[in-house]
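Here's the structure, in structure tokens; my notes come after.
The values are calculated or read from the model by the stated rules, or taken from the named source; none is laboratory data. All values derive from a computational prediction rather than experimental measurement. We place every Cβ from the backbone using ideal geometry, glycine too, and count neighbours over all the protein chains shown. These accessible areas exclude ligands, DNA and RNA; they are computed on the full protein's heavy atoms, side chains included. Shrake-Rupley method; radii C 1.70, N 1.55, O 1.52, S 1.80 Å.
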Amino acid sequence: MTDTINDTDRLKEVQIELQYLPCLEYFACLLNFDRIWIDTEERYIKQTYRNRCNVLTTNKIDTLTVPVIKYQQGALTKDIKIDYGQDWVRRHWGCLQSAYGRSPFFEYYSTEFEAVYARKPAYLVDLNYDLLTICLRLVGVKKEIRYKMSGAEISPIAIKNEISAINNKKTGAGYKYYVPKPYYQTFGNDFVENLSIVDLIFNTGPESRLILLESLK
């Protein structure tokens, strides 16, 4: 059975870019549609959620950024390669362990995530897609997901284009699909909204899906 929020019998479709361990608004967006087209031929934009995410550590929000190899202006996302010349894997995994090692569900789910980092995918889209696949399964979101490899594959009229719509410049009333729903977080007394999905997964486990559904606009 799929999660479907639909007021007609017609499939609702969305076109969106891959993001790195996406925020909760990204997942709220996916929950509003039946079919997701992952656009890997969109133009890569630096300093966006395509290669970064936010997690909550002991006393601050920490931004984790995947470094990429220098690329030409206008490069397509599918061509962006990860820079393993920088020791970012150790940094990211160390941060996740520090942030969530004592959270209720980290020990149950961490092995799958760690295995993706250990494989060291060459391309950013492969890293993001592998992590997204794990997250969708863990939160129980079952959707039809396809790669959009060319403009001729689907009609732009038939789908909602949300490329770059979910970004790190928006807060509060700027969310299009997401209403903050407080849940247990390991650190701090004040709830921090719209962090990476791993914050929700590691802290709430099987309750993640229900919290996401309650977070929909």
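The calculated FRET efficiency for the pair Thr57 and Leu11, based on their C-beta separation and a Förster distance of 30 Å, comes to about 0.15. Listed cross-link partners Lys12/Lys120; Lys70/Lys181; Lys120/Lys169; Lys46/Lys181 are compared with a 32 Å cut-off, the Cα-Cα value being larger for Lys12/Lys120; Lys70/Lys181.
Applying a length cut-off of 15 Å (Cα extent along the axis) and a mean Kyte-Doolittle floor of 0.5 to the DSSP H helices of the chain leaves 124-138. Accessible surface area normalised per residue over region 58-105 is 62 Å², counting heavy atoms of protein chains with a 1.4 Å rolling probe.
Using the alpha carbons alone, the radius of gyration of the chain stands to its Kirkwood radius in an Rg to Rh ratio of 0.94.
When you filter the chymotrypsin sites (Phe, Trp or Tyr not before Pro) in region 60-136 for DSSP loop state and at most 15 other Cβ atoms inside 10 Å of their Cβ, you are left with Tyr71, Tyr84. Computed from the C-beta positions of Lys176 and Ala122, the FRET efficiency with R₀ = 25 Å rounds to 0.15.
Using a probe radius of 1.4 angstrom, the carbon and sulfur fraction of the accessible surface of the chain is 50%.
The modelled label-to-label distance between Glu112 and Asp79, using points 7 Å beyond Cα along the C-beta direction, is 3.4 nm.
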